[in-house]
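One structure below.
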Amino acid sequence: MVIKIADDGSFVDEPRNEHLNRTSIRFERQAKRRRIRNTLMLVGVVALMGAVAATIVMVLTMNSGGLSAPKLVGMKFTDAKKQVESLGLFVQIDSMQDSSGNCSKLKVELQDPKAGTSMEKDDTIMVRLKGLHESPEFTGRTSNNSALATSPDAGSDAPGATETQPAAPAQQQPASTGVVICLDPGHSGHDGNEIDSATGLNVGDNGGCTGELQNMWDLAQKTKSALEQAGFTVRLTKDSAGAYASLRTRADIGNACSAVVRLHYDDTGYTGVMRPPANGARCPSSDPSRVTVVDGGVASASDELARAIAPGLGLSVKDDTGGSSQGNSTPAGHPTALIGSVLSTVPVVCIENNMSKVKDSPSGQEEVAREIAAGVTAYFHSR
């Protein structure tokens, strides 16, 4: 028996078992509180260790400059482009697709490299857009609404001819159908070196002269229109004025076409071994003394193309591979404009326009565009 004091001060006997039961319950409650406290402490320690580990991984990743390709599939191209560029990367539409039109609302259906792939700053992600047609040079098709589909003999009474949209004059027709011209608007919105693994050349690009990016983009749009009116299919090497595409990428796009016209202007002239006039229609030369030899047939055809275009623009014809055996190598500060022509496997001309005519001058650009289209037409008529 256990003696217990009652509320009124009297002594009562309490069975020992009941006392033991209460003591046991009290101990069990204390043990349960200790277990809960220990569990909470363990969870807190684990969470703290996880946070520390995550911080260490993030710091190590940031310090190593590690980047991974974001998931672009399913996104509109304009949104994908913004996301990629926010990470310090670049995006390029598959060169097998015709990206000369407005692609901003088309969705990405494939990307290379895949999402999650490790990348370095300034790397490029290639995307393929859903609904974007293959380039005519890969399919062998020409545009149904091209001036090539208009009969040279069609008069004003011909079906579809209107007073405001007359049939294209016969003399504007190219010598052959399916001719694809690549227009390469001068420079890109990016500064930096990028070494081409195949040749060792620096294929990185820069922003060009003051205003050159936008003015050459505007000139390209006018030239594209003039060439299409003359019956040519036209491809551009980029999809906006400030878009980046290396000179290797541009050359690859151009080499899938019939000829390449590269648009530039220069406000400083050249220095060092290169001292020709700043303005000219320039073509590559096949010279074994140079680091990279341009194919003799390409050099000859490029010279013909340059001579067909230059007179209408009042420009001279110059060599576009440099002034010495190091003219197309890759030292720091090397003129990147030259590399775009050196890598060409089709006729190419690099036009250094008169800046006073094309800079911030829509009318001057229209005139130059017409002359370029006339020169290109004359070149293909002669072949």
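Could you figure out which of (1) at pLDDT below 75; (2) hydroxyl-bearing (S, T, Y); (3) within 21 Å of A245 (Cα to Cα) isn't true of S64?
Unmet condition: (3).
Limited to the range 192-242, what total is found for residues that are touching a Pro at 6+ places or on another chain (Cβ under 9 Å), over 29 Å from F380 (Cα atoms) and of a type in the set (V, I, T)?
Within the range 192-242, residues that are touching a Pro at 6+ places or on another chain (Cβ under 9 Å), over 29 Å from F380 (Cα atoms) and of a type in the set (V, I, T) number 0.
Would you pick out the residues in the range 173-218 that are assigned to a loop (DSSP other than H, G, I, E, B) and either modelled with pLDDT of 90 or more or of a type in the set (A, V, I, L, M) (or both)? If you could, list the steps in order and put the result at the bottom.
At the first step, the residues of the range 173-218 found to be assigned to a loop (DSSP other than H, G, I, E, B) are 173-179, 186-194, 196-201, 203-211.
Within the range 173-218, A175, V179, A198, L201, V203, G211 meet the criteria.
With respect to the numbered conditions (1) modelled with pLDDT under 85; (2) over 22 Å from S188 (Cα atoms); (3) out of contact with any strand residue (DSSP E or B) (no Cβ under 8 Å at 6 or more places or on another chain), which one is the sole condition not fulfilled by S135?
(3)
How do the pairs read when you match residues in the range 352-372 that are surrounded by fewer than 20 Cβ atoms within 10 Å (Cβ to Cβ) with residues anywhere that are at pLDDT 95 or above and of a type in the set (V, I, T), using Cβ under 7 Å and keeping only pairs 6 or more apart or on different chains?
Filtered contacts from the range 352-372: K357/V368.
Can you report the number of residues in the range 208-238 which are more than 17 Å from S188 (Cβ to Cβ) and hydroxyl-bearing (S, T, Y)? Walk me through it before giving the result.
Residues of the range 208-238 more than 17 Å from S188 (Cβ to Cβ): 222-234.
Narrowing further to those that are hydroxyl-bearing (S, T, Y): 223, 225, 233.
Residues that pass the stated criteria total 3.
Note down all Cβ pairs under 6 Å where the first residue falls in the range 98-110 and is in the same structural domain as L72 (by TED's automatic domain parsing), the second is aromatic (F, W, Y) and not in a strand (DSSP E or B), and they're at least six residues apart or on different chains.
C103/F77; S104/F77; L106/F77
Being without any contact (Cβ under 8 Å) to a residue 40 or more places away in the chain and either in a loop (DSSP other than H, G, I, E, B) or within 11 Å of the chain's Cα centre (by Cα) (or both) is the filter here; which residues of the range 84-97 pass it? Spell out the reasoning first.
Pass one, the range 84-97, residues without any contact (Cβ under 8 Å) to a residue 40 or more places away in the chain: 85-89, 91, 94, 97.
E85, L87, G88, L89, V91, D94, listed by residue number.
Of the numbered conditions (1) assigned to a loop (DSSP other than H, G, I, E, B); (2) in contact with a helix residue (DSSP H, G or I) (Cβ under 8 Å, 6 or more places away or on another chain), A251 fails exactly one; give the number of that condition.
So the condition that A251 fails would be (1).
Please give the number of the condition I56 fails out of (1) assigned to a helix (DSSP H, G or I); (2) modelled with pLDDT of 85 or more.
Evaluating I56 over (1) assigned to a helix (DSSP H, G or I); (2) modelled with pLDDT of 85 or more leaves (2) as the failure.
The values are calculated or read from the model by the stated rules, or taken from the named source; none is laboratory data. Computed from a predicted model, the values in this text were never measured in an experiment. Methodologically, a virtual Cβ is constructed for each residue, glycine included, from the backbone with ideal geometry; neighbour enumeration extends over all protein chains shown.
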